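> One structure follows; several queries about it will come next.
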Amino acid sequence: MWKDSHGEYDYGWADDNDQISESQKPTIVLMGLKRSGKTSIRKVVFNKMSPNETLFVESTPRVTTETVKGSFINFEAIEFPGQMSPFNDTMNPHDTFVRCGALLFVIDAQDDYSEALKKMVEYFKKAYEINDKIRFEVSHYSC
């Protein structure tokens, strides 16, 4: 792992031979209501899918975990389907959010905001209770 002389910056792992456990890997969590665009965003940003192709992306039925690895990055992206609560005890929320660096909540620009905002506030509060260093981002998505 690379750090500056003060040990303040972690930019990922120095080379492909470095081994990292799942519990050490930085994590980005994607959440939002059903059909809000989470999968489309993940596929465009991490899989280089053309935005035009996302019109044909199927709804995600289960939790999707993807390792994103490059010459300067090595992290995990976890997407929770909109119909599933990531804070259900069977989902092991503590292990997920204690290592989560950022939580991205996606809101569909064509949907009613009130339900999405209620869910977002609920999820942000619960995630913050587990990890007070987590960063929160909101994406107002329209396709």
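The values are calculated or read from the model by the stated rules, or taken from the named source; none is laboratory data. What you are looking at is a predicted structure, and each value in this text was computed from that prediction instead of being measured. Cβ sites come from the backbone with ideal geometry, for glycine too, and all protein chains shown count toward neighbours.
> With respect to Glu22, is the statement that it is out of contact with any Ser or Thr (no Cβ under 7 Å at 6 or more places or on another chain), modelled with pLDDT of 90 or more, within 27 Å of Lys125 (Cα to Cα) and among the acidic types (Asp, Glu) true?
Working: out of contact with any Ser or Thr (no Cβ under 7 Å at 6 or more places or on another chain): yes; modelled with pLDDT of 90 or more: no; within 27 Å of Lys125 (Cα to Cα): yes; among the acidic types (Asp, Glu): yes.
Here the answer is no, as Glu22 does not meet what is asked.
> Another one. With charged (D, E, K, R), surrounded by fewer than 19 Cβ atoms within 10 Å (Cβ to Cβ), without any contact (Cβ under 8 Å) to a residue 12 or more places away in the chain and out of contact with any helix residue (DSSP H, G or I) (no Cβ under 8 Å at 6 or more places or on another chain) as the only criterion, which of Asp89, Asp95 stands out?
Numbers: Asp95 fails: without any contact (Cβ under 8 Å) to a residue 12 or more places away in the chain.
Within the list Asp89, Asp95, the selection yields Asp89.
> List, please: which pairs have Cβ atoms under 6 Å, are six or more places apart or on different chains, and start with a residue in the range 123-137 that is touching a residue at least 12 places away in the same chain (Cβ under 8 Å) and polar (S, T, N, Q) and end with one that is outside any strand (DSSP E or B) and surrounded by fewer than 16 Cβ atoms within 10 Å (Cβ to Cβ)?
If the second residue must be outside any strand (DSSP E or B) and surrounded by fewer than 16 Cβ atoms within 10 Å (Cβ to Cβ), the pairs left are Asn131/Val98.
> When the residues of the range 66-91 are narrowed to those that are aliphatic (A, V, I, L, M) and assigned to a strand (DSSP E or B), which ends up farthest from Gly37 (Cα to Cα)? Step through it out loud before you land on a result.
Step one: list which residues in the range 66-91 are aliphatic (A, V, I, L, M), which gives 68, 73, 77-78, 84, 91.
Imposing the further condition that a residue be assigned to a strand (DSSP E or B) reduces the set to 68, 77-78.
Numbers: Val68: 19, Ala77: 15, Ile78: 14 Å.
Within the range 66-91, the match that is farthest from Gly37 (Cα to Cα) is Val68.
> While we're looking at this one, here's another question. Within the range 104-143, how many residues turn out to be within 23 Å of Arg42 (Cα to Cα), assigned to a helix (DSSP H, G or I) and of a type in the set (Val, Ile, Thr)?
Selection size over the range 104-143: 1.
> Scan the range 112-130 residue by residue and report those that are surrounded by fewer than 16 Cβ atoms within 10 Å (Cβ to Cβ) and of a type outside the set (Val, Ile, Thr).
Asp112, Tyr113, Ser114, Glu115, Leu117, Lys118, Glu122, Lys125, Lys126, Tyr128, Glu129
> Here are Thr39, Thr54: which of them is more than 18 Å from Phe124 (Cβ to Cβ), modelled with pLDDT under 85, surrounded by 13 or more Cβ atoms within 10 Å (Cβ to Cβ) and touching a helix residue (DSSP H, G or I) at 6+ places or on another chain (Cβ under 9 Å)? Break it down stepwise before answering.
On the way: Thr39 fails: modelled with pLDDT under 85.
Answer to the selection: Thr54.
> Go through the range 92-103 and count every residue that is under 18 Å from Phe75 (Cα atoms) and assigned to a loop (DSSP other than H, G, I, E, B).
Number of matching residues: 1.
> Please go through the range 98-119 and pick out each residue that is out of contact with any Asp or Glu (no Cβ under 8 Å at 6 or more places or on another chain) and touching a residue at least 40 places away in the same chain (Cβ under 8 Å). Lay out the reasoning, then the answer.
Applying the first criterion (out of contact with any Asp or Glu (no Cβ under 8 Å at 6 or more places or on another chain)) to the range 98-119 yields 98-101, 106-115, 117-119.
Correct list: Arg99, Cys100, Gly101, Val106, Ile107, Asp108, Asp111, Glu115, Lys119.
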